[in-house]
Amino acid sequence: MAKEQIKIGLVLCSCGKTLEERIDFRRLEDHARKLPHITQIITCSDLCKDPESHLKGLKGKVDRLLFAGCSERSSLSFPEDRLFKVLDFLGIDQGLFETANLKEQCALVHEDREATTAKALDLLQMAYEKLLTNRKAHSFTEVKKEVLVIGGGVAGLSCAQGLADLGIKVTLVEKKPYLGGHLCQLPLLWQSEGYASVCTSECLGPVIVRETLLRDNVEAWTSAQLVEVAKRNGNFFVKIEKEPLWVDPEKCISCGKCTAVCPEEINNEFELGFKTRKVIDKDFALAMPDTYNIVGEACTKCGECVKVCPTGAINLEAPKETIEKEFGAVALATGYSAYDMHAFENLGYKWPNVVTMLEFERLWAHKFNNKPPISIAFILCQKDKVGYCSRLCCLATMKHAVRLSMAYLGTEVNVYYQSLRTCGRAFESFRREAEEKGVGFLQTEVQRVEQGEEGWLKIITDQGEFEADLVVLAEPLVPAGARLTKMFGVEQDAYGFPIEFQPRLIRPLETNVERVFALGTAKGFKDIQESIESGQAAALKIYNTLKGREQKFVSIIEEEKCSRCGICLSICPHGAISMDEKGAHIDPAFCKGCGLCYASCATKAIRLLNLEDYQILKMAEVAFAQTPPHEPRILAFLCYWCSYAAGDLMGVNGEKLPESFRSIRIRCSASINPDVVYEIFRRDLADGVLVAGCPPKNCHHLWGNDMQNRRFKLLGQVFKEIGLGHKIARWEFIGVTMWPQLAKIIRSMHQTLKEAKSS
Ligand code: FES
């Protein structure tokens with residue numbers, strides 16, 4: 001839009017007239033009347049009470065909105081989200097809107113009415129200058145309304161059910177031939193942390209799977225794996241390989257005639273080595289989908305099964321299938337796997353009667369082949385060796401201890417533990433029940449498990465030597481989906497779990513990649529009930545993201561300027577950038593507008609829509625127009641969530657600051673290019689510059705604050721060499737609650753600069 005056509009509506013709200021105690025609103029209004037593009041002014045004292053009726057007069061008369069009043073970040077009554085609703089009502093684009101924070105970082109932090117009014121005039125002018133240069137927000141609504149759920153355990157199944165009920169098509173991909181995941185291997189399931197009772201997977205497994213498969217919107221592919229992922233035009237293009245369909249599930253009637261004639265017997269993976277199966281068979285009787293499968297690499301293609309199949313369901317020449325499909329969102333429900341216990345040589349896993357907890361479940365399922373042990377020893381806790389607590393082992397042990405003492409009265413049960421973590425009501429009562437029933441609990445460190453005489457095992461601890469004829473080791477659990485997580489560009493913690501998108505407390509299922517979710521045990525250890533909760537919750541979250549979004553801040557690239565250095569590609573925390581022979585490409589539908597790429601682009605090929613350097617400089621040019629020359633001018637760049645909120649809380653909590661302090665709300669702290677800081681000083685637009693970002697490990701864009709911290713260390717050396725005179729450039733980690741520190745830093749900068757100015 002040509003500048004001469006811009007029509008801005010200004011709303012001046014005095015917050016119940018309280019701001020007028022510190023700011024002369026008449027002067028603000030007079031000043032605004034002289035600004036050529038402000039065509040409408042509305043003054044009020046209670047906009048938040050009924051914004052629509054206050055602002056309806058602006059409808060159709062203005063194309064941009066400038067709101068001057070409380071903080072869009074911190075106001076409890078009129079925050080950013082509410083402002084967006086007002087913009088919708090007025091038909092104004094989210095990009096064509098700015099605010100001047102006259103309350104939290106102006107009226108509340110200053111005392112002198114004249115100087116505070118002067119600052120308010122500057123803040124108004126800064127917002128006005130910026131608004132003139134703003135552009136419409138990027139809008140992305142072409143999200144494919146189809147979701148890929150990877151992992152057919154209970155979390156994935158629950159998520160698929162939820163999405164299907166919301167009318168979304170789901171493709172569920174599971175690498176095993178059956179659905180239900182680990183639940184199918186656990187004969188007894190505890191019900192919840194609050195209810196000390198058990199259910200059986202033979203009942204629940206088929207129910208959960210059936211309920212999913214009966215949804216019209218769900219297509220489930222078993223024996224299938226994801227092999228390729230690409231992001232294009234805001235969606236995910238994936239390649240999925242399906243094992244050959246040797247047994248057609250549409251024709252198979254599960255009669256079992258094929259199994260009866262199959263001559264080949266192999267180890268049954270489902271039974272973890274305790275049972276065999278035929279090459280054509282079901283993994284377990286209640287496996288769903290209810291169809292037989294062939295273990296391809298073990299099949300001799302003798303054709304006996306083909307001969308006896310009454311429905312012609314078997315085709316030994318069936319080819320592998322590769323399917324390409326596009327999805328708008330992805331749910332990673334890839335579950336866990338067990339740590340290889342051979343790594344703990346001292347615990348004797350090589351002996352046949354030393355098993356893992358999961359293996360014990362299968363032994364229990366088969367009633368110990370009618371030879372129950374005389375004495376079982378549970379050895380808990382390898383957390384010191386792997387670095388974390390797997391959370392479920394102590395709880396599972398309590399379940400086993402109680403059930404063993406009920407079902408096998410002649411079996412002695414002892415639990416060797418270092419720290420017993422029976423959190424929750426049910427597990428404490430399981431533990432008490434186990435103790436009452438005679439289960440032994442010994443707090444000790446097990447040093448070794450050795451083979452004794454006649455199949456007995458010796459458990460050597462720091463408190464003596466004990467015996468058992470079955471030892472159960474609590475195996476640490478590890479994430480099973482690290483490869484897939486990486487394929488989608490999702491960041492992982494030190495152990496391979498996906499990291500949640502910050503703030504993780506309120507975005508527990510989102511990852512750093514837009515529309516990629518992690519749920520169930522894929523993102524941390526959960527029991528069945530918690531995994532189901534996580535899947536059900538994710539469905540609603542995913543559904544909402546499929547509506548698309550408007551994004552005011554987004555990086556765009558002028559490809560002809562790209563030097564293909566690849567820096568942007570390596571630092572983008574959201575996987576929004578790709579590179580080909582023509583250069584870097586940014587997919588705005590995956591960009592979160594953090595600005596890390598923007599501030600790092602050496603050729604200035606990247607632009608950060610609505611927060612570019614020239615816009616910042618335009619604001620800086622007018623930021624101190626009303627500041628007396630002897631006052632040190634301090635300009636703070638505060639990151640969008642943490643540091644800016646701390647800035648607001650200074651006012652809310654009654655901190656007092658010199659009136660010559662201004663702030664600009666930026667995206668991530670790393671979106672500020674050192675060139676801008678240098679330019680501000682070179683042009684003498686400020687005396688002190690403070691850049692503040694989230695505390696360590698809390699940056700909303702993963703490593704932005706670390707990057708900026710390191711950048712400022714280098715910048716400090718460069719500035720020292722160039723010689724800044726008395727100017728100060730400072731970097732700080734400032735979290736929301738660190739408002740006292742922020743206030744202290746600003747006052748101390750002011751003091752130092754003041755002394756320098758007067759010397
Ligand atoms: Fe605060 Fe990155 S978002 S420093």
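Of the residues making up region 199-215, those that are surrounded by fewer than 16 Cβ atoms within 10 Å (Cβ to Cβ) and either within 28 Å of Phe274 (Cβ to Cβ) or basic (Lys, Arg) (or both) are Cys199, Thr200, Glu202, Cys203, Val207, Arg210. Residues that are surrounded by fewer than 22 Cβ atoms within 10 Å (Cβ to Cβ) and β-branched (Val, Ile, Thr) within region 391-427 comprise Thr411, Thr422, listed in sequence order.
Listed conditions (1) more than 16 Å from the ligand (Cβ to nearest atom); (2) modelled with pLDDT under 95 are all met by Gln626, apart from (2). Among the residues in region 86-97, are any under 29 Å from the mean Cα position of the chain (by Cα) and charged (D, E, K, R)? Yes: one or more hits. Might you let me know whether region 617-626 holds any residue that is of a type outside the set (A, V, I, L, M) and over 20 Å from Glu679 (Cβ atoms)? Yes, region 617-626 contains a residue that is of a type outside the set (A, V, I, L, M) and over 20 Å from Glu679 (Cβ atoms).
Of all residues in region 509-546, those that are touching a residue at least 40 places away in the same chain (Cβ under 8 Å), among the polar types (S, T, N, Q), surrounded by fewer than 24 Cβ atoms within 10 Å (Cβ to Cβ) and outside any loop (DSSP other than H, G, I, E, B) total 3. Just one of the listed residues (Ala686, Ala743) is buried (at least 20 other Cβ atoms within 10 Å of the Cβ), assigned to a loop (DSSP other than H, G, I, E, B) and among the small types (Gly, Ala, Ser), and it is Ala686. Note on region 158-185: residues that are more than 26 Å from Phe274 (Cβ to Cβ) and in a helix (DSSP H, G or I) total 8. Filtered by the rule that a residue be more than 14 Å from Thr334 (Cβ to Cβ), assigned to a strand (DSSP E or B) and either without any contact (Cβ under 8 Å) to a residue 24 or more places away in the chain or within 16 Å of the ligand (Cβ to nearest atom) (or both), region 454-508 gives Lys458, Ile460, Gly464, Glu465, Glu500. Condition test on Ala645, is it within 13 Å of the ligand (Cβ to nearest atom), among the hydrophobic types (A, V, I, L, M, F, W, C) and either in a helix (DSSP H, G or I) or surrounded by fewer than 24 Cβ atoms within 10 Å (Cβ to Cβ) (or both)? Considered against the rule, which asks whether it is within 13 Å of the ligand (Cβ to nearest atom), among the hydrophobic types (A, V, I, L, M, F, W, C) and either in a helix (DSSP H, G or I) or surrounded by fewer than 24 Cβ atoms within 10 Å (Cβ to Cβ) (or both), Ala645 comes out as yes. Being in contact (Cβ under 8 Å) with a residue 40 or more places away in the chain, within 27 Å of Lys618 (Cα to Cα) and in contact with a Lys or Arg (Cβ under 6 Å, 6 or more places away or on another chain), is that true of even one residue in region 654-663? Checked region 654-663: at least one residue is in contact (Cβ under 8 Å) with a residue 40 or more places away in the chain, within 27 Å of Lys618 (Cα to Cα) and in contact with a Lys or Arg (Cβ under 6 Å, 6 or more places away or on another chain). Do you know which of the residues in region 186-198 that are assigned to a loop (DSSP other than H, G, I, E, B) and within 28 Å of the chain's Cα centre (by Cα) is surrounded by the fewest Cβ atoms within 10 Å (Cβ to Cβ)? Among them, the one singled out is Gly194. Whether any residue in region 199-206 is free of Cβ contacts under 8 Å to residues at least 60 places away in the same chain, among the acidic types (Asp, Glu) and either closer than 30 Å to Glu433 by Cα or out of contact with any Phe, Trp or Tyr (no Cβ under 7 Å at 6 or more places or on another chain) (or both) is what I want to check. So far as region 199-206 goes, no, none of its residues is free of Cβ contacts under 8 Å to residues at least 60 places away in the same chain, among the acidic types (Asp, Glu) and either closer than 30 Å to Glu433 by Cα or out of contact with any Phe, Trp or Tyr (no Cβ under 7 Å at 6 or more places or on another chain) (or both). Highlighted here are the strands (runs of 3 or more DSSP E) found entirely within region 547-627 that include at least 3 residues which are β-branched (Val, Ile, Thr): 554-557. Note on region 648-678: residues that are charged (D, E, K, R), away from the ligand (no atom under 15 Å from the Cβ) and in a loop (DSSP other than H, G, I, E, B) amount to 3. Restricting attention to region 697-736, the residues that are in a loop (DSSP other than H, G, I, E, B), within 13 Å of the ligand (Cβ to nearest atom) and out of contact with any strand residue (DSSP E or B) (no Cβ under 6 Å at 6 or more places or on another chain) add up to 8.
Keeping to region 684-696, report how many residues are under 25 Å from the mean Cα position of the chain (by Cα) and either farther than 30 Å from Pro629 by Cβ or away from the ligand (no atom under 12 Å from the Cβ) (or both). Number satisfying all stated conditions: 4. The residues in region 216-250 that are crowded, with 18+ Cβ neighbours inside 10 Å and either among the charged types (D, E, K, R) or not in a strand (DSSP E or B) (or both) can be counted, and the count is 7.
The values are calculated or read from the model by the stated rules, or taken from the named source; none is laboratory data. None of the values given here were measured: they were computed from a predicted structure. No Cβ is skipped: glycine too gets one built from the backbone with ideal geometry, and neighbour counts run over all protein chains shown.
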